[in-house]
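Have a look at the structure below, then the notes.
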Amino acid sequence: LIVLYFKVYVASQSMLIVLVGAVPRYHIDQEGIPASRAELAKHIRFASNFTSIVTEWYLIDREAYKVSLASSLFFAGLLIGNITFGPLSDKLGRKPVYISGLFFDVIFGYVTALAPNYDIFAVSRFFVGIVNGGMALVSFVLTQEYVGKSFWSFTGSLTNVTFAVGIAVFALLGYCIREWRYLALVSNTPGVFFLLLSFMLPESPRWLYSQGKTAEAEDVLQYIALCNGKERLNLKLKPSAGTLRKDELAPGILNLVKQPVLRWRTILLMYIWYVCSFVYYGLTLNAGELRGNLYLNVALSGLVEVPAFPLCMFFIEKSWSGRRKTMTCFLTFAGLACVFTMFLPTNDNLLLGPTLLALCGKMMVSAAFNILYIYTSELYPTVLRNAGLGVCSMSCRFGGILAPFVPSMKSLSPSIPFVVFGITGLSAGFLTLLLPETLNKPIAESIDSLQSPRYQVLKNE
């Protein structure tokens with residue numbers, strides 16, 4: 001539960017720029033834009049309903065790109081965090097890497113709130129992205145490895161739905177706290193609470209087992225059983241087949257390239273992760289650009305993801321749909337919903353305008369993103385699970401880096417951003433069909449396990 005609720009905090013960090021970078025109505029009481037910022041401050045009048053970095057540092061006209069730049073720096077940080085934290089947690093353990101990342105996430109979050117100028121704000125967002133993305137990835141894997149494979153779809157979906165609820169909670173905070181610095185401070189403070197609670201978490205038993213630490217893995221399993229109200233178990237694990245000898249090197253990212261069964265799987269997954277991130281964050285960040293109430297649009301963009309949870313749980317556990325077909329359908333529907341916005345008139349009516357289709361597309365791509373985390377976890381062996389997720393998340397962050405700039409294409413046509421999201425979503429949906437199904441299939445613990453007959457079905461399907 002600690003790791004699940006922690007996702008609400010992650011959501012507020014990810015969505016921060018949507019509200020603190022929002023542009024209120026403004027009026028310049030002279031013709032043209034003054035050349036200097038000091039002169040601009042004398043002539044510009046912002047609406048007084050909220051403050052943002054735009055109102056404090058006058059990021060309009062030629063300076064407007066800095067809002068999108070700060071958002072892209074955050075996603076660039078996520079990219080670096082995914083590259084570094086995944087392999088680190090495979091070597092050092094899930095818990096120490098997760099706690100270290102959360103500590104620095106809180107520190108840099110406060111730097112963001114107290115930044116004296118835009119440059120420090122932007123740099124702090126970059127560092128928040130590094131630690132936020134890294135330990136969010138590790139926390140997801142840690143959650144999955146606390147439970148048996150039969151619960152992976154449930155915990156994976158629940159983890160992502162708490163992120164969606166976190167978006168709505170952040171919108172509510174923004175509605176109540178209109179001064180951007182106070183909003184940044186309040187939304188960052190729960191991280192301190194989660195940091196203190198996280199010291200109570202045990203290490204991943206699957207990671208301990210994959211490292212040959214069977215006695216420690218048994219102790220963690222006993223602890224989990226006792227926490228679940230079970231009596232002490234008579235538990236004895238067999239030595240892991242993938243345990244390393246002292247003269248062997250731990251598996252690393254290069255194994256994703258060396259092993260043919262993992263190489264093509266990784267290439268396909270990298271593109272699908274990129275598209276899911278590109279469409280998901282593009283539609284999320286575009287919520288601030290839609291007509292209507294800013295806070296309502298942001299809240300709806302989060303709440304619309306909640307129905308994706310039961311939808312995923314229903315379809316991915318059915319033998320006639322599974323992970324692969326379900327994700328293909330969700331990505332295809334998300335793409336079509338975005339493309340069809342170009343045929344609707346732009347107006348303030350939610351039921352008739354493109355806003356409704358955009359929200360439908362957001363729900364579908366969030367469902368696909370939800371499945372993708374679970375699906376990818378099952379496609380990699382335990383010794384490479386974080387490395388595989390890290391590489392895929394790395395490509396995912398390129399989508400996040402580009403997504404903030406796509407809404408600016410609305411200057412050409414209001415439907416252009418949605419068409420871009422739609423075409424990329426359709427392409428990823430079709431490519432998903434090239435991956436194997438993992439429903440009711442065994443999970444490999446080591447690279448050698450992939451070569452055994454019981455795992456061959458994963459590369460021959």
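The values are calculated or read from the model by the stated rules, or taken from the named source; none is laboratory data. As the structure is a computational prediction, the values presented were derived from the model and not from experiment. Cβ atoms come from the backbone with ideal geometry, glycine included; neighbour counts cover every protein chain shown. Side chains included, ligands, DNA and RNA excluded: accessible areas come from the protein's heavy atoms. Shrake-Rupley method; radii C 1.70, N 1.55, O 1.52, S 1.80 Å.
A few comments on the model shown:
- Of all accessible heavy-atom area on the range 120-196, the percent that carbon and sulfur account for (1.4 Å): 83 percent
- Distance in nm between pseudo-label sites at L201 and C176 (7 Å out along the Cβ direction from Cα): 2.6 nm
- Selection of chymotrypsin sites (Phe, Trp or Tyr not before Pro), the range 48-120, meeting DSSP coil and at most 11 other Cβ within 10 Å: none
- 3J(HN,Hα) from dihedral phi, the range 311-321, Karplus parametrisation 6.51/-1.76/1.60, rounded to Hz, x for glycine, proline: 4, 4, 4, 6, 7, 6, 9, 8, 5, 7, 10
- Average projected area [Cα convex hull, the range 77-212], square nanometres: 8.7 nm²
- Here the extension length gained between M342 and F430 equals 29.5 nm, from 0.36 nm per residue of separation less the Cα-Cα distance.
- Euclidean distance of C-alpha centroids, the range 129-159 and the range 368-442, integer Å: 17 Å
- Mean accessible surface per residue for the range 252-446, computed with a 1.4 Å probe while every protein chain stays in place, in Å²: 37 Å²
- Calculated P(r) of the range 78-123 - Cα pairs past 13 Å, %: 62 percent
- Within the range 252-446: Cβ-based charge dipole about Cα centre, in debye rounded to nearest 20 (Lys, Arg +1; Asp, Glu -1): 420 debye
- Here the calculated FRET efficiency for K230 and V192, from their Cβ-Cβ distance with R0 = 30 Å, stands at 0.40, rounded to the nearest 0.05.
- Based on Cα contacts under 8 Å between residues 6+ apart, the range 1-201 shows a relative contact order of 34 percent.
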